[in-house]
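For reference, the structure is listed below as structure tokens.
Any read-out appearing in this document is the output of simple, stated calculations on the displayed coordinates, not a laboratory observation. What you see is a predicted model, and the numbers here were worked out from it, not measured in a lab. All Cβ positions, even for glycine, are placed from backbone atoms using ideal geometry, and neighbour counts span all protein chains on display.
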Amino acid sequence: MKSLFSSKAIQGVAFFFMLWSCTPSWAAPDAVAGKAKAQVCAACHGDSGVSSVPGFPHLAAQPPLSIFYQLLQFRDQRRKGGGMEAMAATLSEQDMRDIAAYYAGLPAPAPVAGGSVEKIAHGQNIAQQQYCSSCHGAQLQGQKHVPRLAGQASDYFVTQLRNLRSGARADMDGTMASAARSLTDEEIEAMAVYARSLP
Ligand code: HEC
Ligand code: HEC
């Protein structure tokens with residue numbers, strides 16, 4: 001006997017209920033709203049997420065989850081620096097998601113080729129030996145909650161990596177602290193030059 005419901009229809013109904021039961025309690029991230037909410041951030045992070053202030057991070061093309069988690073950490077004072085705790089204190093989680101969606105959709109910072117070819121190659125070698133790309137992506141473009149390093153300002157990169165190494169910056173699960181533990185300053189600087197050279 002032919003079944004009452006085709007398997008397609010059953011799949012369709014199952015899919016609907018799956019979506020419905022997964023519907024989050026927050027609204028979908030809205031990059032347009034995020035742009036408006038990020039106006040106060042532009043003074044330090046640039047009009048298009050590319051900072052012109054030395055030592056301040058670029059946010060353009062960062063994975064949205066990474067921006068979101070960092071803002072949460074600043075809000076909860078688990079990460080401190082640059083006055084970001086105060087900036088994040090007034091943001092709701094919806095604001096954070098909207099802002100993250102906005103920055104994630106902006107074009108990545110232009111690669112900086114400054115520094116000798118040897119130093120870039122040296123930095124690349126160390127990054128390969130240390131398996132940085134296993135978390136940060138093949139081109140260090142970031143993924144999920146792991147930040148983008150490609151094109152990042154090198155002085156920001158160096159400061160953060162030193163702080164993660166010393167524990168002055170607590171990372172969310174300790175994986176980055178252990179990845180940084182054995183690095184020398186010279187290795188960190190070479191990798192910063194390599195990372196900023198990536199598109
Ligand atoms: C007065 C300058 C200033 C303003 C305004 C500012 N920031 Fe920041 N932001 C910084 C500095 C400096 C850092 C690096 C902090 C550190 O040293 O750890 C930072 C770090 C961050 C990071 C972490 C980036 C990473 O790669 O880990 C995020 C995300 C961020 N800011 C988002 C925002 C958002 C969103 C706003 C607006 C609501 C904002 N910032 C406003 C200066 C600023
Ligand atoms: C096991 C996964 C993992 C590995 C391996 C790893 N990282 Fe990370 N890295 C992370 C995570 C997760 C964060 C965010 C940490 C946090 O704030 O909680 C991070 C943060 C960073 C930051 C700060 C970026 C920013 O925007 O604030 C730098 C710089 C960095 N990593 C460089 C490296 C380098 C260089 C290597 C290789 C030596 C490396 N990482 C290896 C997971 C990893």
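Highest mean first, what order results for 92-99, 62-69, 75-82 on Cβ atoms within 10 Å? Present the calculation step by step, with values, prior to reporting the outcome.
Working: 92-99: 19.4, 62-69: 21.1, 75-82: 14.4.
The peptides rank, most packed first, as 62-69, 92-99, 75-82.
As a test of the definition: which semi-axes, in Å, follow for the stretch 31-104 when you take the square root of five times each eigenvalue of its alpha carbon gyration tensor? Largest first, please. Don't skip to the end; give the middle numbers.
Numbers: eigenvalues 52, 46, 24 Å².
Equivalent ellipsoid of the stretch 31-104: 16, 15, 11 Å, largest first.
State the extension gain, in nm to one decimal, for the chain segment bounded by residue 92 and residue 139, taking 0.36 nm per residue of separation less the distance between their alpha-carbons. Mind showing how you got there, number by number?
Working: separation 47, 0.36 × 47 = 16.92 nm, distance 3.20 nm.
Net length gain for the segment: 13.7 nm.
Taking a cut-off of 15 Å between Cα atoms, list the aspartates and glutamates near residue 80, but don't count ones fewer than 8 places away on the same chain.
By straight Cα distance, residue 80 reaches 171.
Which net charge results for the neighbourhood of residue 108, defined as the other residues with beta-carbon distances under 13 angstrom from its beta-carbon, given Lys and Arg at +1 and Asp and Glu at -1? Write down the numbers at each step before the final one.
Numbers: positive: 148, 196; negative: none.
Local charge sum for residue 108: +2.
Quantify how much of the Cα-Cα distance distribution of the stretch 117-196 extends past 18 Å, in percent.
Counting every Cα pair in the stretch 117-196, those more than 18 Å apart make up 33 percent.
Work out the FRET efficiency for residue 116 and residue 168 from their Cβ-Cβ distance, taking R0 = 30 Å, and round it to the nearest 0.05. Mind showing how you got there, number by number?
Numbers: r = 30 Å, r/R0 = 0.99.
Step by step, r from the Cβ atoms, then E = 0.50.
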